[in-house]
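The values are calculated or read from the model by the stated rules, or taken from the named source; none is laboratory data. The structure presented is a predicted model; accordingly, all values stated were derived computationally and were not measured. Neighbour counts are summed over all protein chains in view; Cβ atoms, including those assigned to glycine, are modelled from backbone coordinates with ideal geometry. Keep in mind that these areas ignore ligands, DNA and RNA; they rest on the heavy atoms of the full protein, side chains included. Shrake-Rupley method; radii C 1.70, N 1.55, O 1.52, S 1.80 Å.
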Amino acid sequence: MWDVAEELSAMLVFAEHRYYGESLPFGASSFKDSRRLNFLTSEQALADFAELIKHLKRTIPGAENQPVIAIGGSYGGMLAAWFRMKYPHMVVGALAASAPIWQFEDLVPCSVFMKIVTTDFRKSGPNCSESIRKSWDAINRLSNTGGGLQWLTEALHLCNPLTSQDIRKLKDWISETWVNLAMVDYPYASNFLQPLPAWPIQ
């Protein structure tokens with residue numbers, strides 16, 4: 001999008017989602033009362049984006065009659081697609097990359113996402129996905145002894161010694177790493193999550 005924007009002399013605007021960063025509707029008290037979280041919805045975020053577009057067109061010289069394209073990836077891609085559907089008069093198009101717009105419990109089984117992640121690792125090389133699958137049992141076995149916990153702590157260069165109560169969190173953290181690598185397994189280097197080479201799974 002950076003290359004295309006430069007080629008088209010277009011402006012890129014990154015809208016901050018409400019309740020993230022500094023966009024807190026109730027300031028420091030935004031998370032203190034669950035009733036205030038009623039305003040944390042994708043519908044509210046879309047309405048915010050509509051207001052932002054109106055504001056930009058009103059306040060930036062020359063922007064009033066310029067076309068707008070919504071762009072996003074993953075959840076942001078879902079928002080881009082839904083924005084085009086809900087506000088077709090405000091955007092001429094939407095580019096929704098890796099946007100699981102149908103990923104709802106009654107439409108697509110939750111397990112489908114992890115099957116896709118597993119397939120990415122299976123395609124990356126022989127035994128890759130199987131090695132990851134076996135690692136979960138290895139972590140379970142090692143976590144049953146003090147020596148195993150110490151070995152895991154040292155082998156993974158952890159900041160604090162592992163306890164048996166930490167194993168679920170450790171496995172969640174490792175799993176999230178695998179998922180993130182699958183999501184950014186691009187054919188080019190990228191650095192928006194962390195500096196990564198092209199095809200980081202390999």
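Cβ-Cβ contacts under 7 Å between residues 6 or more apart (or on different chains), taken from a first residue in the range 72-86 that is within 9 Å of Ile101 (Cβ to Cβ) to a second residue that is in a helix (DSSP H, G or I) and open to solvent by less than 20 Å² (accessible area, probe 1.4 Å), are listed as Trp82/Leu46. Might you check whether a residue that is part of a helix (DSSP H, G or I) and either out of contact with any helix residue (DSSP H, G or I) (no Cβ under 6 Å at 6 or more places or on another chain) or open to solvent by less than 80 Å² (accessible area, probe 1.4 Å) (or both) occurs anywhere in the range 183-190? Within the range 183-190, one or more residues are part of a helix (DSSP H, G or I) and either out of contact with any helix residue (DSSP H, G or I) (no Cβ under 6 Å at 6 or more places or on another chain) or open to solvent by less than 80 Å² (accessible area, probe 1.4 Å) (or both). Of everything listed in (1) in contact with a helix residue (DSSP H, G or I) (Cβ under 9 Å, 6 or more places away or on another chain); (2) of a type outside the set (D, E, K, R); (3) modelled with pLDDT of 95 or more, the single unmet condition for Ser74 is (3).
Given the structure, is Val91 in contact with a helix residue (DSSP H, G or I) (Cβ under 6 Å, 6 or more places away or on another chain), within 23 Å of Lys171 (Cα to Cα) and hydrophobic (A, V, I, L, M, F, W, C)? No, not satisfied. Of the residues in the range 35-51, not one is among the aromatic types (Phe, Trp, Tyr), over 25 Å from Ala182 (Cα atoms) and free of Cβ contacts under 8 Å to residues at least 12 places away in the same chain.
Residue-by-condition table, conditions (1) charged (D, E, K, R); (2) within 23 Å of Val184 (Cβ to Cβ); (3) touching a Ser or Thr at 6+ places or on another chain (Cβ under 9 Å); (4) open to solvent by 60 Å² or more (accessible area, probe 1.4 Å):
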position: Glu7; (1), (2), (3), (4): yes, no, no, yes
position: Glu22; (1), (2), (3), (4): yes, no, no, yes
position: Pro25; (1), (2), (3), (4): no, no, no, yes
position: Arg35; (1), (2), (3), (4): yes, no, no, yes
position: Glu51; (1), (2), (3), (4): yes, no, no, yes
position: Ala63; (1), (2), (3), (4): no, no, no, no
position: Ala70; (1), (2), (3), (4): no, yes, no, no
position: Gly93; (1), (2), (3), (4): no, no, no, no
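Of all residues in the range 117-155, exactly one satisfies the criterion of being outside any helix (DSSP H, G or I) and surrounded by 13 or more Cβ atoms within 10 Å (Cβ to Cβ), namely Ser143.
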